[in-house]
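Enquirer: Mind having a look at this structure? Questions to follow.
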């Protein structure tokens, strides 16, 4: 069934092509468009972070890269792309593993100090105009950077969703773990706690977003998995070391936060998991059932 949905999507996509003459040598532009560490120099104002997933071949076919962008102060969008084809110095193709869109970047020399930079994006018809505006903005930023000029400040207009009546919800799950609080805390606060809701946590990568304080309030934790493709970003918003921690899901489509609180008990540690969320009023009961399953999954992780 999943394969047939993918084929239907591929039949429905369109090709958006945008290009521009860039006043810089082809090798310089190639480095800008192909190197993860240089990507931020021509990224949009909403760009937060780009990194190559550890264990994948940086700069070669098979490289997998995560980019985080700011949507709102309390929400982050994440993309996970894989390099699927490349002619070094001239062309590179990537596929977004989350939505299937494919982007081909072509750099063609036009002289010792100029080149043609072309982007070709395969996307859904409904996103065609937004994709064109996004590629035009990317070309303008590359041109400005190589010319030593300030980057354009504008960004493509994204239509706001229709307002929806939302309500607050909360689920609480309490259980006992047969281990002392210090041992449970080590799992809650680090990789085990971040990965608990994944089907195959051993196949995921967990990294602290650079520039955020590891182990402290304000830390942002990025979780990347590939089966299925998955990127999630959490922010630690409150912490009482050894006793409780609250994280906010920055990549969730709606506001959601999870608190894990530990208390010594005669059998080891009492663990209380609270998930606060908002959801459309008509869907509140469905969200509550889903959040309860998530909380129960975390509890089982700590008990195993």
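Enquirer: Once the Cα gyration tensor of segment 167-303 is diagonalised, what are the square roots of 5 times its eigenvalues, in whole Å and ordered largest first, as equivalent ellipsoid semi-axes? Spell out each step's value before the answer.
Expert: Values: eigenvalues 93, 77, 44 Å².
For segment 167-303, the ellipsoid semi-axes come out as 22, 20, 15 Å.
Enquirer: Counting other C-beta atoms within 10 Å, which of 301, 115 has the fewest, and how do the rest follow? Each step should come with its number before you reach the end.
Expert: On the way: 301 18, 115 25.
Ranked by crowding around the Cβ, least crowded first: 301, 115.
Enquirer: Now a separate question. Would you mind ranking 84, 223 so that the residue whose beta carbon has the fewest other beta carbons within 10 Å leads the list? Write down the numbers at each step before the final one.
Expert: Numbers: 84 14, 223 22.
Final ranking by Cβ density, sparse to dense: 84, 223.
Enquirer: Please compute the contact order of the chain in relative form: average sequence separation of alpha-carbon pairs under 8 Å and at least six residues apart, divided by the residue count, as a percent.
Expert: It comes to 16 percent, rounded to a whole number.
Enquirer: How many times 2.2 N^0.38 Å is the alpha carbon radius of gyration of segment 61-123? Provide the component values of the computation, followed by the final result.
Expert: Working: Rg = 14.4 Å, N = 63, 2.2 N^0.38 = 10.6 Å.
Here the Cα radius of gyration is 1.35 times the empirical estimate.
Enquirer: If you take all C-alpha pairs in the chain, what percent of them are over 33 Å apart? Don't jump to the answer; show the numbers that get you there.
Expert: Working: 15888 of 46056 pairs.
Roughly 34 percent, rounded to a whole number.
Enquirer: Taking the number of other C-beta atoms within 10 Å as the exposure measure, put 31, 235 in order starting with the fewest.
Expert: Details: 31 15, 235 19.
Placing the least packed residue first, the sequence is 31, 235.
Enquirer: On to the next question. Per residue Cα convex hull volume for segment 2-146, in cubic angstrom? Before the final figure, lay out the partial values.
Expert: Details: hull volume 17.5 nm³, N = 145.
Convex hull of Cα atoms, per residue: 121 Å³.
Enquirer: Counting each pair of different Cα atoms once, what's the Kirkwood radius of segment 241-304 in Å, rounded to one decimal? Please list the in-between numbers first.
Expert: On the way: mean 1/r = 0.0771 Å⁻¹.
Here the Kirkwood hydrodynamic radius works out to 13.0 Å.
Enquirer: Turning to a different aspect of this structure: Grab the beta carbon distance between residue 128 and residue 99, set R0 = 22 Å, and tell me the FRET efficiency rounded to 0.05.
Expert: On the way: r = 14 Å, r/R0 = 0.65.
FRET efficiency, residue 128 to residue 99: 0.95.
A short reminder: the numbers here are calculations on the coordinates, not readings from a lab. Since we're looking at a predicted model, the values are computed, not measured. Note that we place each Cβ from the backbone using ideal geometry, even for glycine, and neighbour counts take in every protein chain shown.
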